[in-house]
Amino acid sequence: MAGLKIKKGDRVIVLSGKDKGKEGVVHKAMPTEGKVVVEGVNTAKRHRAARSATDTGGIIHIDKPIPVSNVAVISPSDGKATRVGYKFEDGKKVRICKRTGVELP
């Protein structure tokens, strides 16, 4: 799989699956697998044993990866889901919002 148009730090909305409609920030992008980890989306419980006297065990919540095709970037100008495009400005390639044409951070 080639590079992703969604990067770490992008604010995204989930388009399909059990967490449809949820919004979050991309915590990690995995281009080779075609997946992203979004904070607060697709969480799983993991039972963790105590490793030392000071480190307590318990149930922790871990964000699991979801396919990049199931998320869309939220446009900074109007807060709606949008596709990502590219444009060249002064010899640099920048990401833009397809709906409004605004440059993405």
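Share of the chain's accessible area from carbon and sulfur, percent, 1.4 Å?
Of all accessible area on the chain, carbon and sulfur atoms account for 52 percent.
Enumerate the amide H contacts of VAL71 below 5 Å, restricted to partners 5 or more residues apart or on another chain; note that Pro and chain-start residues carry no placed amide H.
Those qualifying (amide H under 5 Å, at least 5 residues apart or on another chain) are LEU15.
Name the long-range amide H neighbours of THR43: under 5 Å, sequence gap of 5 or more, or other chain; modelled H, no Pro or chain starts.
LYS64
From the phi angles alone, apply the Karplus equation (6.51, -1.76, 1.60; θ = phi - 60°) to segment 52-60 and give each ³J(HN,Hα) in whole Hz, x where the residue is Gly or Pro.
Karplus values, whole Hz, x for Gly and Pro: 8, 5, 8, 8, 7, x, x, 9, 10.
Going out from 0 in 5 Å bins, what whole percent of all Cα-Cα distances in segment 39-79 drops into each bin?
6, 17, 15, 15, 14, 10, 7, 7, 6, 2
Whole number in Å², please: accessible area per residue of the chain, 1.4 Å probe, ligands, DNA and RNA not counted.
Heavy-atom SASA per residue in the chain reads 67 Å².
Out of residues 5 or more away from ARG99 or on other chains, whose amide H comes under 5 Å of its own, with H placed 1.01 Å from N in the peptide plane?
Here the answer is ARG83, since their amide H atoms fall under 5 Å of that of ARG99.
Lys and Arg at +1, Asp and Glu at -1: add these up for the other residues within a Cβ distance under 14 Å of LYS45 and post the number.
Net of charged neighbours comes to +2.
Shape call for segment 8-60 from the C-alpha gyration tensor, a ≥ b ≥ c root eigenvalues: rounded (a/c under 1.5), prolate (a/b greater than b/c) or oblate?
Verdict is prolate for segment 8-60.
Candidates (i) 6.7; (ii) 8.9; (iii) 13.6; which is the computed mean projected area of the Cα convex hull in nm²?
(ii)
Among GLU23, GLU33, GLU89, which one moves the most in a GNM of the chain with springs linking Cα atoms closer than 10 Å?
GLU89
The values are calculated or read from the model by the stated rules, or taken from the named source; none is laboratory data. Here the structure is a predicted model, which is why all the values come from computation and not from measurement. Virtual Cβ from ideal backbone geometry, glycine too; neighbours counted across all protein chains shown. Only protein heavy atoms, including side chains, enter the accessible area calculation; ligands, DNA and RNA are left aside. Shrake-Rupley method; radii C 1.70, N 1.55, O 1.52, S 1.80 Å.
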